[in-house]
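Worksheet: the structure to be examined is printed underneath.
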Amino acid sequence: MASIPTSPTSPESPGARSARQPLRKATSRAEFEAIQREATESWRNLWGGDRMVVSVGIDSSSIAKGAVEVYNACRRELAGSGSTVRQTSGNGAMWIEPWVEIQRPGQPPIVYANIEPDDVPDLLAGRLEDRAFGVRGDEPFNGVPPLDAHPFFKHQRRILLRNHGVIDPDSIEEAIANGAYSAYLKVLFDLSGEETVAEVAASNVRGRGGAGFPAGIKWESGRKAKARPKFVVCNSHEGEPNVYKDRRLHEGDPHRILEGILIACVAVGAERGYNYVGGEYPLAIARFRKAVQDAERLGLIGKNVLGSGKDVAFRLRTGGGAYICGEGSALMYSIMGVRGQPRTKPPRSVEEGLWKRPTVANNTETLANVPDIVSNGGAWYAGIGTEKSTGTKLVTVMGPVKTMGLVEVEMGISLRTIIDEVWGGMADGYTFKGIQTGGVSAGPLKAEQLDVPLDFDSMTPFGGMLGSGGFVIFDESVDAVDFARYMTAFNRYESCSKCVPCRLGNPALVEILDRIRLGRGTRADLPLIERTSKHIIELSLCGLGQVAPAPLLGLLHTYPEDFESKLVDAPPVLPLREVLPLAGD
Amino acid sequence: MDQHAPGQIDLDVVREMVSHITYSDHQEAQELILHALQEINEHFGWVSLEAAEIVAEHLGTTANRVYGLLTFYADFRTEPRGRHFMLVCHGMACYVGGSTALVDDLAERYGVGDGDTTADGALTVQVVDGCLGVCDRAPIVKLDDAYHGQLTPEKLNDVLQRAIAARQGEERVHGIDPHIAHVS
Ligand SMILES: Cc1cc2nc3c(=O)[nH]c(=O)nc-3n(C[C@H](O)[C@H](O)[C@H](O)COP(=O)(O)O)c2cc1C
Ligand code: SF4
Ligand code: FES
């Protein structure tokens, strides 16, 4: 069985490197700055030597395609040669996986696409130059263009993803060499809590978990809250069926998330930070756990951090596969070891959250923005993107496009540019029908609506929503009734059953949709959908129920022909067995 | 998952596992209930009532509360797994790519739906509402440690037949270190 270089206990892990040079605890700012200098120097030496440096992009997506076998083949092939074989994370470009980057002495690093284990000997011997995909650098080399010239990368502005595909996510030294914890240092020593919160407020960064609430306002309430202890919770649950950005952040640059959480703790005066990660993401959890252990060993977590007089505790918690646990109050119940069911608000979490104490809860991506906001200033961040939606946004795509993956774009870019250029347009043989926005919480957009800018507010008039940035492109083979049934069934299944409109309303909608799908729906069913939806939206307790009918209503209004063409005047009389419910939900 | 005799949970192993879970106060103990259950579920593929009782006792709570969590969270099983365990991704990329046909075909051909085990104990199926993160190969399943993508019902059936016919441990296209695949 393949051994993977990511486990902290694996002998091949960068843990082995730190075993040569064990992490030592820094107890003052000066000691940490010495560690920063050493890390920067080792990073420079890594790339400045006279041996080959081979990096393999390993994340949960490339592992499924054999990246670990490729990594092991590289190690076998180069054993004893003095060359370096290292892991890095994915770079977002899923369709080129597994990829290998090779830096030969005196040359820039070149990324080679779609490498199978059997390709490795030829690849390393320089016989697979036709697979050269791009140079990691500004200039072309030997006819190979820079990575950034590819449309997939050209339109991106990578702040959060800067280190993805570059550093080894298991190495705190590589993260530090690339800037990790320098903002934390500033917050520990140079800025007051009030000043840090003011920078976040000035950046106008809005919550990336779906609702778009300004983080600065939440932090300020948290900072002012009097009750003790206080907590910060990072929401990394990501249970939606349409998005994979937060787990990639964990897999690619876990220290960035941890730094964001630690900064939030110091800024609002919280005793302890938490990160709650979906239990379905073992690699994200393993890499994040390693990051926390290393940060503890370096003295970045604990009592009197770096002699600053500030204490910061931290705990990682994992979820159990219930979508509803992404909802703020449900998530806190889940951490407290009870069933994750939302409660009525007020009180809001920042007044009464985890263990009934003031709790600042933010999405992973929101917190991952914080280190750069602190380092470069809130005004710098506010200058990126649009006036009301500042900064960049991680977006993911699903569906039949040519160049699928995770990208980071500036807010305000048009959806059409992302679809046609970044994602390369529709794959051969597929015709665009629509793009589902906002996960299971909003409706689709049609081809003629794609010039809408990507931001928090512009899609709303069309029934769309930015949500968490997960888009699903569907083609002509997808029937709107069927798709609506899929999303409504998702909400039905994931309803926590606490309140009646959601618990009984969603099954009712699924039943109506099944009737229509099976050719037994009548005209009366369309107003029935509207009425039932209204009940669910207006009477449900939490966000799940309040938006559950949105995808159905969006599809119904956008593709009425798909619904109407299946309606009949009078349903045929069938033997009972044939009208019983279908499998497949 | 370790290859234990299906249907059995060695309670001494459970006791050994929970003994490593330490806490400083009752709040922390409560935060660790889910963690303990995840460890057991990963190791054995399910959590029995007896195992839940051991967790309750170690963390100072009731078996009722622990069982209430087991039945709420989708990742936990309260019955043993079959010899093979398959996650069928039903996230949106896989849905658009045709995962419904896979789910329907499994019901028809093998008589199993979400959470079910075939009558001969060969296969347990779990339909995942989230996304397995390999959307560019949709629709995808994870059978034991290996991923299989771009499936049709026919291709999935071939994969399953090969796995069931082969002895366990063989037929792994892309193996993943169990340490990674099963960190909780
Ligand atoms: C059903 C439901 C699921 C949610 N899932 C998530 C999630 O997986 N991740 C997340 O960050 N926020 C999720 N949210 C939103 C959170 O309740 C909350 O608004 C968010 O975490 C706050 O962080 P932000 O202000 O940084 O966005 C969900 C909300 C609902 C109603
Ligand atoms: S709206 Fe649905 S998910 Fe939310 S509390 Fe009510 S039943 Fe639970
Ligand atoms: S939706 Fe199935 S792998 Fe992403």
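What the table shows:
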| read-out | value |
| --- | --- |
| When residues of region A:336-347 are limited to those that are surrounded by fewer than 20 Cβ atoms within 10 Å (Cβ to Cβ) and away from ligand 2 (no atom under 16 Å from the Cβ), the one nearest to the chain's Cα centre (by Cα) | A:Met336 |
| Qualifying residue in region B:47-62 (condition: within 11 Å of chain A (Cβ to nearest Cβ), buried (at least 19 other Cβ atoms within 10 Å of the Cβ) and within 16 Å of ligand 3 (Cβ to nearest atom)) | no |
| Qualifying residue in region A:145-152 (condition: more than 16 Å from ligand 3 (Cβ to nearest atom), under 30 Å from B:Val127 (Cα atoms), at pLDDT 95 or above and within 14 Å of chain B (Cβ to nearest Cβ)) | no |
| Selection from region B:71-100 of residues that are facing chain A (nearest Cβ under 7 Å), within 22 Å of B:Ala36 (Cα to Cα) and touching a residue at least 24 places away in the same chain (Cβ under 8 Å) | B:Tyr73, B:Ala74, B:Asp75, B:Phe76 |
| Members of region A:109-150 found to be within 17 Å of A:Gly165 (Cα to Cα) and not in a loop (DSSP other than H, G, I, E, B), listed by number | A:Ile110, A:Val111, A:Tyr112, A:Ala132, A:Phe133, A:Gly134, A:Val135, A:Pro146, A:Leu147, A:Asp148, A:Ala149 |
| Test: residue in region A:446-457 that is among the basic types (Lys, Arg) and under 30 Å from B:Ala101 (Cβ atoms) | yes |
| Residue list for region A:237-261, restricted to those being more than 13 Å from chain B (Cβ to nearest Cβ) and open to solvent by less than 10 Å² (accessible area, probe 1.4 Å) | A:Asp253, A:Pro254, A:His255, A:Ile257, A:Leu258, A:Glu259, A:Gly260, A:Ile261 |
| Residues located in region A:439-475, provided they are more than 16 Å from ligand 1 (Cβ to nearest atom) and open to solvent by 20 Å² or more (accessible area, probe 1.4 Å) | A:Lys446, A:Ala447, A:Glu448, A:Gln449, A:Asp451, A:Pro453, A:Ser458, A:Thr460, A:Pro461, A:Phe462, A:Gly463 |
| Residue list for region B:122-134, restricted to those being touching a Phe, Trp or Tyr at 6+ places or on another chain (Cβ under 7 Å) and outside any loop (DSSP other than H, G, I, E, B) | B:Leu123, B:Thr124 |
| Looking only at region B:14-46, and only at residues there that are touching a residue at least 24 places away in the same chain (Cβ under 8 Å) and among the charged types (D, E, K, R), the one that is farthest from the other protein chains (Cβ to nearest Cβ) | B:Arg15 |
| Candidate set from region A:208-234 (those that are within 7 Å of ligand 1 (Cβ to nearest atom) and surrounded by 20 or more Cβ atoms within 10 Å (Cβ to Cβ)); member that is farthest from the chain's Cα centre (by Cα) | A:Lys218 |
| Every residue from region B:101-151 that is open to solvent by 20 Å² or more (accessible area, probe 1.4 Å), more than 10 Å from chain A (Cβ to nearest Cβ) and under 19 Å from A:Tyr486 (Cα atoms) | B:Gly115 |
| Residue selected from region A:47-84 under the condition buried (at least 19 other Cβ atoms within 10 Å of the Cβ) and polar (S, T, N, Q), by the criterion farthest from the chain's Cα centre (by Cα) | A:Ser83 |
| From A:Ser497, A:Ser540, residue being away from every other protein chain (no Cβ under 12 Å), more than 16 Å from ligand 3 (Cβ to nearest atom) and within 28 Å of A:Ser349 (Cα to Cα) | A:Ser540 |
| Qualifying positions in region A:524-539 - of a type outside the set (D, E, K, R) and surrounded by 14 or more Cβ atoms within 10 Å (Cβ to Cβ) | A:Leu526, A:Leu528, A:Ile529, A:Thr532, A:Ser533, A:His535, A:Ile536, A:Ile537, A:Leu539 |
| Matching residues, region A:188-236, being within 14 Å of chain B (Cβ to nearest Cβ) and either part of a strand (DSSP E or B) or within 16 Å of ligand 3 (Cβ to nearest atom) (or both) | A:Phe231, A:Val233, A:Ser236 |
| Some residue of region A:159-166 being more than 16 Å from ligand 1 (Cβ to nearest atom) and open to solvent by 40 Å² or more (accessible area, probe 1.4 Å) | yes |
| Unmet requirement for A:Leu513, which otherwise passes all of (1) assigned to a helix (DSSP H, G or I); (2) open to solvent by 20 Å² or more (accessible area, probe 1.4 Å); (3) farther than 25 Å from A:Gly209 by Cα | (2) |
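Here's the yes/no breakdown for (1) of a type in the set (Lys, Arg); (2) assigned by TED's automatic domain parsing to the domain that holds A:Tyr184; (3) open to solvent by less than 10 Å² (accessible area, probe 1.4 Å):
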position	(1), (2), (3)
A:Gly319	no, yes, yes
A:Glu352	no, yes, no
A:Lys356	yes, yes, no
A:Asn369	no, yes, yes
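The values are calculated or read from the model by the stated rules, or taken from the named source; none is laboratory data. In this text the structure is predicted, and so the values were computed from the model without any measurement. Cβ coordinates were reconstructed from backbone atoms using ideal geometry, including for glycine residues, and neighbour counts include every protein chain displayed. All accessible areas refer to the heavy atoms of the entire protein, side chains included, with ligands and DNA or RNA removed. Shrake-Rupley method; radii C 1.70, N 1.55, O 1.52, S 1.80 Å.
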